Amino acid sequence: MGRNAAERAGADPRQGGRSQGLLSLPVRLVNRLDRELGDGASLVAILDYDGTLTPLVATPGAAHLAPSVRETLARLAESERARLAILSGRGLADLRSRVALRDVVYGGCHGLEIAGRQLRFRHPGARPSCLTATRRALTASLPSIPGARLEWKGLAVSLHYRRVAPGRRPRVRDIATRIVRAGGLTLVPGHEVFDFVPRVGWNKGRAARWIARRMARTLPPRRRVVLYVGDDTSDESAFVALRDRAVTICVGAKPTAAEYRVAGVREVQALLRRMASAMNS
């Protein structure tokens, strides 16, 4: 990533963009949030789950939310000045069961399904029947890619290849590309996973804007700050869609359209604690 992009994502040439004592949070990010969340401003926070709230793990089922993180999210969600959404590639029911908090908006399958805080949305063009043939084709291909696993999410099918040998991974991509073309679906790449979703012109970016608009209406009519934090390729659509509308934060070192960057999950947790304190002061 070039210098300009690095600086946009939060690098500080004097001290690596890091704020001492705050688990290496970028100075510009901390200063901006302190400034914008002052004087009674409201917050709409939209967060990814895997790799953002929880570390990436070998098996997706093992990605459990730490009790301390759940407590921080609860403090944030309970504030009259804050609204919280979790937007993930996971299925809606799976996501809700893992976070298990009231007063939170949940977006599953990259936002094809959204529920919580009296909001409910299901994209009218997204139907499980769209995925039937793709699910069959993927099931038939599994024997040729040892270590791969399928996950059915209702409005998406995921092909996990975290346990596939590196030498066989190009074959995984070839199979995924061939099947998605035949099925008329969209292929969403992630951390060692391919998600097959209905081709309906919807992604995390559109979902994030839909959520942000509706949650902002429920907040006091003072200044409203929108924040989006994510680590995956699928979050890039949200970083682009919310450009100049939100504080966007990428977790990790990959090239990004986000304005700021933090190193990992621990830094996200530190940021959430800071915001929860600000929203309840």
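The values are calculated or read from the model by the stated rules, or taken from the named source; none is laboratory data. Since the model is a prediction, treat every value here as computed from it, not as a measurement. Cβ: placed from backbone, ideal geometry, glycine included. Neighbour counts: every protein chain shown.
Descriptive notes on the structure:
- You will find that of Leu43, Leu65, the residue that is at pLDDT 95 or above and closer than 14 Å to Val265 by Cβ is Leu65 and no other.
- Long-range neighbours under 9 Å by Cβ, at least six apart or interchain, first residue closer than 19 Å to Tyr106 by Cα within the range 209-233, second exposed (fewer than 14 other Cβ atoms within 10 Å of the Cβ) and among the polar types (S, T, N, Q): Thr218/Gln118
- Identity of the residue in the range 247-259, closer than 21 Å to Arg223 by Cα and touching a residue at least 40 places away in the same chain (Cβ under 8 Å), that ends up surrounded by the fewest Cβ atoms within 10 Å (Cβ to Cβ): Val247
- Only one entry of Ala258, Ala207, Ala212 meets the criterion of being touching a helix residue (DSSP H, G or I) at 6+ places or on another chain (Cβ under 9 Å) and part of a helix (DSSP H, G or I), and that entry is Ala207.
- Elements of type strands (runs of 3 or more DSSP E) contained in the range 65-182, each with 3 or more residues being buried (at least 19 other Cβ atoms within 10 Å of the Cβ) and either of a type in the set (Ser, Thr, Tyr) or free of Cβ contacts under 8 Å to residues at least 40 places away in the same chain (or both): 157-160
- Hits in the range 183-193 (condition: in a strand (DSSP E or B) and farther than 17 Å from Ser144 by Cα): Leu185, Thr186, Leu187, Val188, Pro189, Gly190
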